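Below is one structure, written out as structure tokens; the observations come after it.
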Amino acid sequence: SVVFAQWRKCVHRVRFSNSTSRFKKSKMFRFNVNGFVLISFCFCVAMSRVAENSRVKRTLQQDLSTCANVKPFFEMRNISVQSFDRPKGVVCGGQCCSGETEAALKMQGQKDFSALLRHNSRSIQGLLNSTATTLQSHVTALSNQSENKTHLLFSQIYQQMSILSKEPISMLYRDILQYIQLNSSQNLLSTTDVDVKTSVTRFFTELFPLVYHQIAKALAPDFSPDYKVCLKEIIKEIQPFGDIPRQLSQSLSKSLEATRLLLQAFDIGIEVLNTTDTLLTEDGGKGNVECHHALMKMTYCPKCLGLVGKEKPCSGYCLNVLRGCLTKYVAELDSPWNSYVEAIERLVIAIKQHNNEVGVNVDLVIRGLDTRISEAIMYAMEKEHEIDVRVKRACGPAKLLEVTEDPRVIATSTIPPNSVGNGSKRVASNFRIFPASPVNQLQQFLVSIAKSKGFYGNLADSLCRDESYAEPKDIHCWNGERIGEYTKTVVDSGISMQKYNPEVKPSIDLQHLDPRIANLADKLRHVHQMIIAALGAAGLPESDNFMQSDSADGSGSGGGPDILDDTDDADGRSGSGSGNGPIVTPNNPVNSGGGQTRVVNYNGSGTGRKHDPQHATPQEPAEVPRNDINENSGSKRYCDFTLTAYAISLVVSLTRY
């Protein structure tokens, strides 16, 4: 109003004042115009400052309200929201986070991501751990029950050997249990001090003097120490138990070795999962700084901006960040892990086979231990005359201990031969309580472990599919800058594609494998090699164990074997391919009777012998070339179709007419 009044006064003076000269009027007008401009400029500056202060005040109040909304989120993680007199953080640039706050959030992001990895692998670790516990507990219970049954066998059937046989029996089963016990202080896949074959040999060596005591029908409770030493030394020469000790040692050793190998494989799988889960929690030097920043930006920057609600990252944004962070760790583990799972599947299938074709079913072997021991004793009883002659020839007449009041003497009378068989039946009928075989648990394990193939290769995808961690789509989500749509390219998980990753740039040493990862990959490969070596060809699936003929060297889709029978020509079967694959007939099959496989190439591009129908033998009927069959069959079908169509059209025309 002051400016306006001054302006009106100036105009009034210019128009109506005639008392002054023209020069004075012009000078006064210029003075008033300049003053008006100056006053107007000052007025505009003042008003802009007032508006700015008002805007800052409103923004401050809004920021205070927005940061107050996310304050509980930070307090739950023991992170304080910044005061507004401190500069904003560099990564997020949000009004709610300072540089110190972002540093704390970066550490928290590493912990949260590690917890997410552990949660994702916990099911596999639990599966491996529970199956290992079930298997080890079953073998332990089975061994204890078998030991009790063997002691009962001797106490009821071989009574004179009962007392002296307790120690050898206990030592045998003690070695069995010790063999499957894994020492945590030792390296995984390490060998044990127990040799099962040696334990079985020692058991039968200790058992032979007791059995020969029955054969010699000695009245004294035991032989002299020198005579017992002689008996033990000649056991390899006379083989009183036949081939049973060798068979038993081989089957028991192989089955226990497979069981121990499976338990070790479970532990290695758990170790690999645990180690990879904790790799990102470690600082790891400069190579992980960008990854940690990307994780913090993806997870916590929305909170630093005061966003509440749909602040979860977009699916594509999550994939780019996690693939950039995980690729150098998981790229080298994917293939070894898949081979590890495949090897475990084969071993479990072999262990749970009822027919024990591969010879690694520890359940069947331990269940039959007492029976095999009884069979060995029965064999020696049947050969008692021959054994007695050979023992006396090598060690001389029996030398007995002096008869004393020995509390171990239970009976001095010999047991009638016919009572042995009846006693065995009685023991078998009265003592059949064995723990149930964990076949169902192993079958469920196979179903579950098969789903873990590709675990490392698809790790980022699995984490980003979790709706509690990321949005399932790329719209109305956090894209790294604001809530909106994620439009950047989502790169593949391959290590060579990470140079195109828009969120996490690969470190300089991306092509250099982390020694910790290399060690884990080597362990997984070692497990695979050891299992394949333990099972041999019998443990391989049919597809791996199938040996093709030497002549099956064709190319393309026609390089496989075609099995023909006498009805091929009548059926009019046809195929496609290069035609240089072998054709095997029933009269001359592959690997039958040492004969040669007949290979026929019909107008193919291969180098095989061309078939001549005139030189066909009576056992080898002449085949009609397949190309002729195809052409004739095709022409016949075409003619039939044409005639049928013509007849139908003729009938329709007549009907209309």
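How many residues, within the stretch 452-488, are part of a loop (DSSP other than H, G, I, E, B) and either assigned by TED's automatic domain parsing to the domain that holds Leu153 or not hydroxyl-bearing (Ser, Thr, Tyr) (or both)? Outline the logic, then answer.
Quick first cut of the stretch 452-488, residues part of a loop (DSSP other than H, G, I, E, B) only: 452-458, 465-476, 479-482, 485-488.
Subset that is either assigned by TED's automatic domain parsing to the domain that holds Leu153 or not hydroxyl-bearing (Ser, Thr, Tyr) (or both): 453-455, 457-458, 465-467, 470-476, 479-482, 485, 488.
So the answer is 21.
In the set Leu307, Leu364, which member is in a loop (DSSP other than H, G, I, E, B), at negative phi and either touching a Gly at 6+ places or on another chain (Cβ under 7 Å) or surrounded by fewer than 19 Cβ atoms within 10 Å (Cβ to Cβ) (or both)?
Leu307
Would you mind stating whether Ala343 is within 17 Å of the chain's Cα centre (by Cα), surrounded by 20 or more Cβ atoms within 10 Å (Cβ to Cβ) and closer than 27 Å to Ser251 by Cα?
Numbers: within 17 Å of the chain's Cα centre (by Cα): yes; surrounded by 20 or more Cβ atoms within 10 Å (Cβ to Cβ): yes; closer than 27 Å to Ser251 by Cα: yes.
Answer is yes for this residue.
Pick from Gln145, Gln156, Gln136: which is touching a Leu at 6+ places or on another chain (Cβ under 8 Å) and of a type in the set (S, T, N, Q)? So that I can check it myself, show each step before the final result.
Working: Gln145 fails: touching a Leu at 6+ places or on another chain (Cβ under 8 Å); Gln156 fails: touching a Leu at 6+ places or on another chain (Cβ under 8 Å).
Among Gln145, Gln156, Gln136, only Gln136 is touching a Leu at 6+ places or on another chain (Cβ under 8 Å) and of a type in the set (S, T, N, Q).
Restricting to the stretch 251-284, and then to whatever is touching a Ser or Thr at 6+ places or on another chain (Cβ under 7 Å) and crowded, with 21+ Cβ neighbours inside 10 Å, can you tell me which residue is farthest from Ile124 (Cα to Cα)? Let's see the steps before the verdict.
Within the stretch 251-284, the first condition is being touching a Ser or Thr at 6+ places or on another chain (Cβ under 7 Å), and the residues that meet it are 266, 273, 277-278, 280-281.
With the extra rule that they be crowded, with 21+ Cβ neighbours inside 10 Å, the set shrinks to 266, 273, 280.
On the way: Phe266: 10, Leu273: 8, Leu280: 19 Å.
Among those residues, the one meeting the criterion is Leu280.
I'd like to know if the stretch 279-295 contains one or more residues that are within 15 Å of the chain's Cα centre (by Cα) and under 30 Å from Met530 (Cβ atoms). Give the derivation first.
Taking the stretch 279-295 and keeping what is within 15 Å of the chain's Cα centre (by Cα), we get none.
No, there is no match, as no residue in the stretch 279-295 is within 15 Å of the chain's Cα centre (by Cα) and under 30 Å from Met530 (Cβ atoms).
Residues that are in contact (Cβ under 8 Å) with a residue 24 or more places away in the chain, surrounded by 19 or more Cβ atoms within 10 Å (Cβ to Cβ) and closer than 30 Å to Gln441 by Cβ: does the stretch 108-119 have at least one?
The answer is yes, given that some residue of the stretch 108-119 is in contact (Cβ under 8 Å) with a residue 24 or more places away in the chain, surrounded by 19 or more Cβ atoms within 10 Å (Cβ to Cβ) and closer than 30 Å to Gln441 by Cβ.
Taking interchain pairs and intrachain pairs at least six residues apart, which have beta carbon atoms under 7 angstrom, with the first residue in the stretch 84-99 and in a loop (DSSP other than H, G, I, E, B) and the second among the β-branched types (Val, Ile, Thr) and modelled with pLDDT of 75 or more?
Gly89/Thr101; Cys96/Val70
Are any of the residues in the stretch 322-335 surrounded by fewer than 23 Cβ atoms within 10 Å (Cβ to Cβ), touching a residue at least 12 places away in the same chain (Cβ under 8 Å), at positive phi and assigned to a loop (DSSP other than H, G, I, E, B)?
So far as the stretch 322-335 goes, no, none of its residues is surrounded by fewer than 23 Cβ atoms within 10 Å (Cβ to Cβ), touching a residue at least 12 places away in the same chain (Cβ under 8 Å), at positive phi and assigned to a loop (DSSP other than H, G, I, E, B).
Under 7 Å by Cβ, and 6 or more places apart or on different chains, what pairs join a residue from the stretch 462-481 that is at pLDDT below 90 with one that is exposed (fewer than 13 other Cβ atoms within 10 Å of the Cβ) and assigned to a loop (DSSP other than H, G, I, E, B)?
Going by the 7 Å Cβ cut-off, the qualifying pairs are His476/Lys310.
Scan the stretch 216-237 residue by residue and report those that are over 23 Å from Leu369 (Cα atoms), in a helix (DSSP H, G or I) and not charged (D, E, K, R). Talk me through it step by step, then tell me what you get.
Within the stretch 216-237, the subset over 23 Å from Leu369 (Cα atoms) is 216-231, 233-234, 237.
Those left that are additionally in a helix (DSSP H, G or I): 216, 225-231, 233, 237.
Scanning the stretch 216-237 gives Ala216, Pro225, Tyr227, Val229, Cys230, Leu231.
Checking Ser98 against (1) of a type in the set (S, T, N, Q); (2) modelled with pLDDT of 95 or more; (3) under 30 Å from Ala470 (Cβ atoms), which test does it fail?
(2)
State all residues of the stretch 232-250 that are surrounded by fewer than 23 Cβ atoms within 10 Å (Cβ to Cβ) and in contact with a helix residue (DSSP H, G or I) (Cβ under 6 Å, 6 or more places away or on another chain); if no residue qualifies, say none. Spell out how you get there, then give the answer.
Residues of the stretch 232-250 surrounded by fewer than 23 Cβ atoms within 10 Å (Cβ to Cβ): 232-239, 242-244, 246-247, 249-250.
Residues satisfying the conditions are Lys232, Ile234, Ile235, Ile238, Gly242, Ile244, Ser249.
Considering only residues of the stretch 482-520 that are closer than 16 Å to Val321 by Cβ, crowded, with 20+ Cβ neighbours inside 10 Å and among the hydrophobic types (A, V, I, L, M, F, W, C), which is modelled with the lowest pLDDT?
Val504
Regarding Ile449, is this residue modelled with pLDDT of 85 or more, in contact with a Leu (Cβ under 9 Å, 6 or more places away or on another chain) and either outside any loop (DSSP other than H, G, I, E, B) or within 30 Å of Leu520 (Cα to Cα) (or both)? Please lay out each step first, then the result.
Values: modelled with pLDDT of 85 or more: yes; in contact with a Leu (Cβ under 9 Å, 6 or more places away or on another chain): yes; either outside any loop (DSSP other than H, G, I, E, B) or within 30 Å of Leu520 (Cα to Cα) (or both): yes.
When the stated conditions are applied, Ile449 passes them.
With the requirement that a residue be in a helix (DSSP H, G or I) and either of a type outside the set (A, V, I, L, M, F, W, C) or over 24 Å from Phe223 (Cα atoms) (or both), what does the stretch 153-173 give you? Spell out how you get there, then give the answer.
Of the residues in the stretch 153-173, the ones in a helix (DSSP H, G or I) are 153-156, 159-173.
Within the stretch 153-173, Ser155, Gln156, Gln159, Gln160, Ser162, Ser165, Lys166, Glu167, Pro168, Ser170, Tyr173 qualify.
The values are calculated or read from the model by the stated rules, or taken from the named source; none is laboratory data. Nothing here was measured: the structure is a model prediction, and the numbers come from that model. All Cβ positions, glycine included, derive from the backbone under ideal geometry; neighbour counts span all protein chains shown.
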